[in-house]
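This report concerns only the one structure given below.
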Amino acid sequence: MKLHHIIESQQFTVPVLMELFNLADSMERIVARGGTRDYSNKIMALLFYEHSTRTRFSFESAMMRLGGKVIATESAAEFSSFTHGESLEDTVRVVGDYSDVIVMRHYEVGGAARAAAISAVPVINAGDGKGGQHPTQALLDLYTIHREIKTIDGVKVALVGNLAEGRTVRSLAYLLGKFERVKLYFVAPKPLQMQEDIIHYLNNHKVWFTQEENLREIINEVDVVYMTRLEATEGEGMRPSGFFMDESLMKLLPKKAIVMHPLPRANEISPGVDADHRAVYFRQTRNGILVRMALLVSIFDGR
Amino acid sequence: MKLHHIIESQQFTVPVLMELFNLADSMERIVARGGTRDYSNKIMALLFYEHSTRTRFSFESAMMRLGGKVIATESAAEFSSFTHGESLEDTVRVVGDYSDVIVMRHYEVGGAARAAAISAVPVINAGDGKGGQHPTQALLDLYTIHREIKTIDGVKVALVGNLAEGRTVRSLAYLLGKFERVKLYFVAPKPLQMQEDIIHYLNNHKVWFTQEENLREIINEVDVVYMTRLEATEGEGMRPSGFFMDESLMKLLPKKAIVMHPLPRANEISPGVDADHRAVYFRQTRNGILVRMALLVSIFDGR
Amino acid sequence: MKLHHIIESQQFTVPVLMELFNLADSMERIVARGGTRDYSNKIMALLFYEHSTRTRFSFESAMMRLGGKVIATESAAEFSSFTHGESLEDTVRVVGDYSDVIVMRHYEVGGAARAAAISAVPVINAGDGKGGQHPTQALLDLYTIHREIKTIDGVKVALVGNLAEGRTVRSLAYLLGKFERVKLYFVAPKPLQMQEDIIHYLNNHKVWFTQEENLREIINEVDVVYMTRLEATEGEGMRPSGFFMDESLMKLLPKKAIVMHPLPRANEISPGVDADHRAVYFRQTRNGILVRMALLVSIFDGR
């Protein structure tokens, strides 16, 4: 498997995903021994037009575990001085001369695709705009289900929170739709339910789904509860109890099911849940390193 | 000696300090040849909730001389985007998945201890709040006295400047109190004298000290003059002459005594003093690298 | 050739420039294989008192291709916390203890020279003030002419844009004046023509030059068109057509001539020109890496 630009979840077929996940599994041995020097001749440029320290750290750590080097900028202020109004295309051409791969975060939908169109080096999309993509997050989420549940075909997943605006859950719903016999439970207050485009896609691909307003009603049926934030604007008082995870609700969750969260969490998961072995959100972070290492190896070395 | 979390000066016993200082001595050979690759499989995360470029540079340089890698953030603005209001504990758990040691600067007293309580990887406190600790600074100060004066037992140290609010001098006074027959001269304007908690501690431990208002009166008695800033609010006109170091005062300083300063200095030491071999404040900075390297080695490799 | 501080273009003689350019040529093989580990025991400190992400990336990439490590700060805000009003000299002394070479960007003319005067490690000037120097930019420009045209003696160069305030074109004019039979065409609106000091220098050194107001008039005579920005204050409507490069003008440019630009460009070169093999501005960026690598090797290893 040879990868080049990583721009959107849609570009991955199920066989490529499985090959990527096998490679990610093998990365664990490298992390366990602290890393390799195999890619010490590679430089990653992190070209972030908006702050995302968490995503930056994950990519930097993945690159360093492979022995590689990193040059990075993530401040909007820096960028205005960087570019002096130059086109995204010019900036990407220049940064491509300084590096072997560009990881780009941009505030506009399609920013990464524009970069990829002219870049001499591979471009990885690390988030492009509110309604855009963040494919490596979707991949690490799917990898976590694969690793924890052992299978993705036939998995039953509750997606909980602000589904209307959550880039993460939208991408994940899309990727899950590629697999067989998946069942999706969209649990959100009505105004924050999954939008028409995803619903349309799922109907077209004959993916089973239901829309719910209380996690408690369906929690005993699912393999995965994927929690996300309700926007702060909802207000503490307004917060409906059906979109929360706590110790009492964990008692209803099947024994082999898991609870995921893309982090950072606000208060939608009680800290008392953390010690439960079914709470995998911190393992999810670790899986992000493995998936990003696998992507980098596939870009640098893949056949 | 195996170290894990480095949270406060109090955790170090005199034998551990001496072992650490011997290790620091041996680090000088590594620095002289530009570094080692022995720790190229280690990643340090610098998790700074407030800016401190000087401290960051010192830790980064120490880590790199050991062959290690660094991921870093130090901007408050970045952190607000990093955490989106998540708990310190959640942030530390995530960053621990990206790294092998966390160096943390926090604006709250006890921040580092909270991090250490839940961290899967060692945490080094690089300053926690105004009245908190900065143990690696205190260690490098003590190491400088050890290196320059050859002994700490029986040393006579003048601490000069704003002693009431100086985190550095407070920590150093504390550490010095662990040794035998130490004499401390607190030289400060009355409102800026050493606070009750330290005075109480020294009385309890039967450490000899005196409180003075003019460095000139006691400079001929001491082995170490540890200068610090008087706060800018004191005003140029208000600045009492007894808390300054210049060439004329250096004539009164014993030949084997030294002048220290944690830097940055304002104008409390005349630049004319710099060329005097007894002015060791720039060697102090270099000693900081050695002590931080020794701490890292003791964390990664200690038995 | 052993280099130490790199402060201003004037310090380079023609033989030293030629030796440097030969070394830069040889760096291309190192870049082609992704880098070397030869300088893995070296640390570069990037001490930027103002943002310049582009220049920082170029130096970082050059250092990393040589196997070296980088510690960096480039935010004015950070610096105010770094220095707390300390002198430039104190800061440089401290940073010199953390590193093997300092690359400095300062807002004051002469900042780098002040640093070099007291620094224990070599200082490279990466720009000092509006009317100051940026010698590595001038070197990479000259290297690009050397590489593309094969000779600098006898070269005919049009310098286009805001010549009065352009640090880049001023430095380049100065360096070109060191070579034989060079002809310079200064193409600028009258109020933005080359200033008296450079004119005086060229007259003294008997360098042929002319002052023009329309690139079209002389483009068929030259080997190099060096485009720069007209200041934004000129206004779109005010912009005289004689200082632009587009496809129609490219038809008048000799076949072996080249078009250069220090980047970032605004709209003074039409994107339609990019595909022309005579448009070398993106190769110029790549040459910057080679020249900076050659400077670093000459500092670390030169005899």
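The values are calculated or read from the model by the stated rules, or taken from the named source; none is laboratory data. Bear in mind that the values here come from a model prediction, so they are computed numbers and not experimental data. Every residue, glycine as well, gets a Cβ built from its backbone with ideal geometry; the counts of neighbours run over all protein chains shown. Surface areas here come from the heavy atoms of the whole protein model, side chains and all, with no ligands, DNA or RNA. Shrake-Rupley method; radii C 1.70, N 1.55, O 1.52, S 1.80 Å.
Residues whose amide H comes within less than 5 Å of that of A:GLU212, counting only those at least five positions distant or on another chain, are A:PHE186, A:VAL187, A:ALA188 (H built at 1.01 Å from N in the peptide plane).
Between A:ASN203 and A:ARG283, the modelled labels are 3.7 nm apart [label points 7 Å from Cα along Cα→Cβ]. Comparing C:HIS205, C:HIS84, C:HIS134 in a Gaussian network model of chain C, where Cα atoms under 10 Å apart are tied by springs, the biggest mean-square fluctuation is seen for C:HIS84. For chain C, adding -39500 (n - 2.57) for each run of n ≥ 4 DSSP H residues and dividing by the number of residues yields -12000 deg cm²/dmol at 222 nm.
P(r) tail for segment B:135-281: Cα pairs beyond 20 Å make up 42% of the total. Taking a straight line from the alpha carbon of A:LYS2, these aspartates and glutamates sit under 17 Å away, with near neighbours fewer than eight places off in the same chain left out: A:GLU19, A:ASP100, A:ASP301. Compute the long axis of helix A:14-32 from its Cα atoms, compare it with the longest principal axis of the Cα atoms of chain A, and write down the angle in degrees, 0 to 90, nearest 10. So the inclination is approximately 80 degrees.
Using a 7 Å projection from Cα along Cα-to-Cβ, the label point at B:GLU221 is separated from the same position in the remaining copies by 8.4, 8.4 nm, smallest value first.
With a Förster radius of 41 Å applied to the C-beta separation of A:TYR107 and A:LYS150, the computed FRET efficiency comes to 0.60. Using the Cβ of C:GLU148 as centre and a radius below 10 Å, the other residues enclosed give a net charge of +4, where K and R count +1 and D and E count -1.
Shielding by partners for peptide A:87-97, expressed as the average number of C-beta atoms from other protein chains within 10 Å of each residue's C-beta, is 5.
Summary value for segment A:135-281: 24 percent relative contact order, contacts being C-alpha pairs under 8 angstrom separated by 6+ residues.
Between B:ALA120 and C:ARG181, the modelled labels are 7.0 nm apart [label points 7 Å from Cα along Cα→Cβ].
Peptide C:56-66 has a mean shielding of 5, counted as Cβ atoms of other protein chains within 10 Å of each residue's Cβ.
Close amide H contacts of C:ILE258 (hydrogens built in the peptide plane, cut-off under 5 Å, sequence separation of 5 or more or a different chain): C:VAL224, C:VAL225. With a 10 Å cut-off around each Cβ of B:17-28, the average count of Cβ atoms from other chains is 0. The GluC sites (Glu not before Pro) of segment A:159-262 meeting both criteria, a DSSP state outside H, G, I, E and B (loop) and at most 16 other C-beta atoms within 10 angstrom of the site's C-beta, are A:GLU165, A:GLU180, A:GLU213, A:GLU231, A:GLU236.
So, R0 is 25 Å and r is the distance between the beta-carbons of C:LYS130 and C:HIS84; what FRET efficiency does that work out to, to 0.05?
0.45
In this assembly of identical copies, the label point of A:ASP274 (Cα plus 7 Å along Cα-to-Cβ) is separated from its counterparts by 4.8, 4.8 nm, sorted shortest first.
With a Förster radius of 51 Å applied to the C-beta separation of B:ASP274 and A:GLU28, the computed FRET efficiency comes to 0.45. Residues B:ARG93, C:ARG292, ordered by accessible area of protein heavy atoms at a 1.4 angstrom probe radius and largest first, appear as B:ARG93, C:ARG292. Net charge in the neighbourhood of B:ALA120 (other residues with Cβ under 14 Å of its Cβ; Lys, Arg +1, Asp, Glu -1) is -2.
For A:ASN220, neighbours were defined as the other residues whose beta-carbon sits under 15 Å from its Cβ, and their charges (Lys and Arg +1, Asp and Glu -1) total +3.
Which distances, shortest first and in nm, link C:THR13 to the matching position in the other copies, using label points set 7 Å out along Cα to C-beta? The answer, with the shortest distance listed first, is 6.6, 6.6 nm. The angle between the Cα long axis of helix C:281-301 and the longest principal axis of the Cα atoms of chain C comes to about 30 degrees, rounded to the nearest 10. Given in Å, the Rg to one decimal and the Dmax to the nearest whole number for the Cα atoms of the protein assembly as shown are 30.6, 90. Between A:GLU196 and C:LYS190, the simple spin-label model (points 7 angstrom out along Cα→Cβ) gives 6.3 nm. Taking only the alpha carbons of chain A, we obtain Rg and Dmax values of 19.4, 56 Å in that order.
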